[in-house]
Each structure stands twice: as C-alpha cells, then as structure tokens.
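What follows is calculated from the coordinates using simple rules that are stated; it is not laboratory data. All values reported here derive from a predicted model rather than from experimental measurement. Neighbour counts are summed over all protein chains in view; Cβ atoms, including those assigned to glycine, are modelled from backbone coordinates with ideal geometry.
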Amino acid sequence: MTAQLLTGAPVATSLSQELTVRIERLASAGITPQLAIVSVGERSDDQAYERSARRRLEGLGISCKSVHLPLSSNDADLSREVRAIKDDPSVHGLMVLRPLPAHLNEDRLGQELWPAQDVDGMTPASLAAVLRADPSGFAPCTAAAVMEILNYYKISLSGAEVVVVGRSLVIGRPVALLLLAADATVTICHSKTADLDAVCKRADIVIAAVGKAGCIGRKAMRAGQVLIDVGMNWNPETHSFVGDIDFEAASSIVRAVTPVPKGVGSVTTAVLAKHVVEAAERRAAAVHAAEHSAARS
Ligand SMILES: Nc1nc(=O)c2c([nH]1)NC[C@@H]1CN(c3ccc(C(=O)N[C@@H](CCC(=O)O)C(=O)O)cc3)C=[N+]21
C-alpha cells in the first residue's frame, strides 16, 4: 500500500464538531431539528444508509423518523404519505431514498417536496440552485460529501482535470457542477463513453459513481492520481459493500484513494446532518422575521 488512504472519519468528525454548537443554539431556542426518511421496498444500500444516517444524526441530537412503504405501493400511496409529512411543522428535512423502484415516478415526487425541506437535492429548485452555483439550494448529500473530502484533504481543484464516471441526478451530474464551480476542468463519462480507461487515465482526479463493483481497474490508473469512490455495491457472498474502484490496484498505483466502506459514505451522513441543521436554522430565522414584522404592524 503506497497510496494515501482518504478515510471519511476525520472529515465527518470535523463537520460534526461545527454542528454541535449550532444544534445547542437551536436547543436553547426550544428547537430540535428533525429529519423524515421515506423509503420504498428493501434495497440493501437504502437500509445501510438509513442505519448509518440515523446513528449519526441521533448521536448529534437530531431526531429522525422513518416512513417505510412496501414495494407494492403506487405513486398515489407515496404522494399521500409525503404530503402528510411535509406539512408537519416539526419536520425540517425530508429525504426520499433513491432510486425509487422503476414503477414509481421519482421526477414527479421531486416536484411535490418543499425546496426548503429538500435536504438531499431532489426538487427542481434545488437542482437549479446547484446549476447556478447558488448556495441557497441543498445539493445531493453524496455530491456535497465528495467536495468535503477533497476540501478536507486539501486536494486542489482549480485547473485540475477531473473525470466523473456516472451521470445520475443523485451524484454524477451534481458533483460535476460543484467541481466546475470550484474551477476544475470536468469531463463526465457514462456507459457510452468510447474509451473509459483512457479518459480516466489522463485525469488528475477521478470520481467513480457507476454502481458496478471494481469497474475502474488498473488500466484506468496512473501514478499521482486521486481516486474518490462513491460506489456502494452489495456483495451477497461476503455480505459487505465494495466500491466501483479496484482498490487493490489503486493502492499500489495512485497517490490517494477513498476506501469503501469508511470513505465517502461516512461523510454523506455528516453532510445530511449539516443540511438538516441548516434547514432548521433557516426556518427559525424566517419565523423570527415574521414575528418581528407582525409586532411592527
Ligand atoms: N436519496 C438518496 N440519497 C442517497 O445518498 C442515497 C440514497 N438515496 N439511497 C441509498 C444510497 C446509499 N447511500 C449510502 C450512504 C452512506 C452509507 C454509509 O454510511 N456507509 C458506511 C457503512 C455502512 C455499513 O457498512 O453498514 C460507510 O461507508 O462507512 C451507506 C449508503 C446513500 N444513498
């Protein structure tokens, strides 16, 4: 192992420390931040995320409530559940685990959420904010987590060649826009990319968000690179998650790599906590402003 291991724990700890102060301030105003997690069906990566998110948030004093729907639910069932939660004033953040089963309309559901509660960047308003590089909208947590890791380990982005592999709305596209806003030169690759290995090999930084175990292999690597692995692929034989990057190859070739687990995933939950706290603070500030203007009139 010659590559530096970019573990998530110190990044998450640093984020959590900043949050502790803010959560205490909310508590003294009588506010407990709360996240509602909505899930449909039984995906192993959803379950892993829900478990670690709950552990992280509750450890910080953020409450979590879960609403789980069976795989047989239809759009109307989901919509009804979401409507009941989003108008609950004690809920500051609302996250729907994705991807939803193929028979459900994720796009339309995104349009039903309140952008102010949209802590995982699912609404058109949040995505438009990411596109405009406007910090008032929440980016999807995993995309923001990648940026937190690069920032914490002081990997410079200005002018760097960054290749993003994957173009999903949860990670590939938004992370490409966040990297662009940080002045990187960004290439987005996908299943139709002609020579993925060659494109990855010329990058200074590769962000792998494909969802296929080990699909970024040694032919895609060279000395000096930084590799960020967003993949969470369940291996039913070993009962564990593996990333998109061939970790073994990366360890002996590149400059630095994130492990799976204990890499991006552990930072994602800390970013989620940050977004929920932010949503609670903004709500408190809006309520405060409304009370003041009522008192003046
Ligand atoms: N709307 C939405 N946003 C997501 O970001 C999202 C999603 N839906 N659906 C599911 C996937 C998966 N995902 C994980 C994030 C962190 C861990 C995590 O904390 N993993 C720990 C270990 C977990 C374990 O081994 O049990 C780690 O990497 O160290 C896991 C999974 C987010 N996803």
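Go through SER63, PRO261, SER39 and say which Cα lies farthest out towards the positive end of the charge dipole of the chain; charges sit on Cβ, +1 for Lys and Arg, -1 for Asp and Glu.
The residue sitting most towards the positive pole is PRO261.
For region 1-144, compute Rh as the Kirkwood radius over C-alpha pairs and then the Stokes-Einstein diffusion coefficient at 25 °C and 0.890 mPa s; write the answer in µm²/s, rounded to an integer. Please report the intermediate quantities before stating the final value.
Working: Rh = 16.6 Å.
Roughly 148 µm²/s, to the nearest whole number.
Between region 71-125 and region 247-271, how many Å separate their Cα centres?
After rounding, the separation between the Cα centres reads 30 Å.
Placing unit charges on C-beta atoms (Lys and Arg positive, Asp and Glu negative, everything else neutral), compute the dipole magnitude of region 229-297 about its Cα centre in debye, rounded to 20. Kindly include the intermediate steps, with their values, before the conclusion.
Working: 6 positive and 8 negative charges, 101 e Å.
The calculation lands at about 480 debye.
By counting other Cβ atoms within 10 Å of each Cβ, how are MET1, MET122 ranked from fewest to most? Intermediate values should be presented prior to the final figure.
Values: MET1 10, MET122 25.
So the residues, fewest neighbours to most, are MET1, MET122.
Calculate the dipole size of the chain relative to its Cα centre from +1 charges on Lys and Arg beta carbons and -1 charges on Asp and Glu beta carbons; express the result in debye to the nearest 20. Walk me through the intermediate numbers first.
Values: 30 positive and 32 negative charges, 86 e Å.
Result for the chain is approximately 420 debye, rounded to the nearest 20.
Enumerate the whole-percent occupancy of each 5 Å bin, from 0 to the last occupied one, for all C-alpha pair distances of region 2-80.
Whole-percent P(r) values from 0 Å outward: 3, 12, 18, 17, 15, 13, 10, 8, 3, 1, 0.
Could you estimate the translational diffusion coefficient of region 230-297 from the Stokes-Einstein equation, with Rh from the Kirkwood formula over C-alpha pairs, at 37 °C and 0.692 mPa s, in whole µm²/s?
Details: Rh = 15.7 Å.
My calculation gives 210 µm²/s for D.
In degrees, nearest 10, range 0 to 90: what is the angle between the Cα axis of helix 44-60 and the longest Cα principal axis of the chain?
Orientation of helix 44-60: about 60 degrees from the principal axis.
Which entries of LYS154/LYS212; LYS65/LYS274; LYS86/LYS212; LYS192/LYS262; LYS65/LYS212 have Cα-Cα distances beyond 25 Å here? Please report the intermediate quantities before stating the final value.
Working: LYS154/LYS212 28 Å; LYS65/LYS274 17 Å; LYS86/LYS212 34 Å; LYS192/LYS262 30 Å; LYS65/LYS212 31 Å.
Among LYS154/LYS212; LYS65/LYS274; LYS86/LYS212; LYS192/LYS262; LYS65/LYS212, the Cα-Cα distance tops 25 Å for LYS154/LYS212; LYS86/LYS212; LYS192/LYS262; LYS65/LYS212.
I'd like the orientation of helix 264-296 relative to the chain: the angle between its Cα long axis and the longest Cα principal axis, in ° from 0 to 90, rounded to 10.
30 degrees
Just to be sure I understand: of the beta bridges DSSP finds with both ends in the chain, what percent are antiparallel, rounded to 5?
Details: 3 of 32 bridges.
The antiparallel fraction comes to roughly 10 percent.
Of the candidates LEU227, LEU57, LEU26, which one comes out as most mobile in a Gaussian network treatment of the chain with C-alpha springs shorter than 10 Å?
The residue that fluctuates most here is LEU26.
When Rg is the radius of gyration of the Cα atoms in region 166-228 and Rh is its Kirkwood radius, what does Rg/Rh come to?
Working: Rg = 11.3 Å, Rh = 12.2 Å.
In region 166-228, Rg relative to Rh is 0.93.
Arrange the peptides 274-284, 75-85 so that the one whose residues have, on average, the most other Cβ atoms within 10 Å appears first.
Those peptides, ordered most packed to least, come out 274-284, 75-85.
Given region 84-237 reduced to its alpha-carbon atoms as identical point scatterers, what log10 I(q)/I(0) does the Debye formula return at q = 0.08, 0.10, 0.16 Å⁻¹?
Listed by q, the Debye log ratios stand at -0.26, -0.39, -0.93.
Taking only Cα atoms, what is the 0 to 90° angle, nearest 10, from helix 172-181's long axis to the longest principal axis of the chain?
The angle comes out near 90 degrees.
Can you pull the semi-axes for the chain, root of five times each eigenvalue of the Cα gyration tensor, sorted largest first, whole Å? Could you put the intermediate results ahead of the total?
On the way: eigenvalues 224, 94, 66 Å².
Gyration-tensor ellipsoid for the chain: 33, 22, 18 Å.
If you take the Cα atoms of region 90-159, find Rg, then find the Kirkwood Rh from the mean of 1/r over all pairs, what is Rg/Rh? Write down the numbers at each step before the final one.
Details: Rg = 14.0 Å, Rh = 13.4 Å.
That ratio is 1.04, to two decimals.
According to the Cα gyration tensor, what semi-axes, each the square root of 5 times an eigenvalue, does the equivalent ellipsoid of region 189-289 have, listed from largest to smallest in whole Å?
Working: eigenvalues 221, 56, 34 Å².
Largest first, region 189-289 gives 33, 17, 13 Å.
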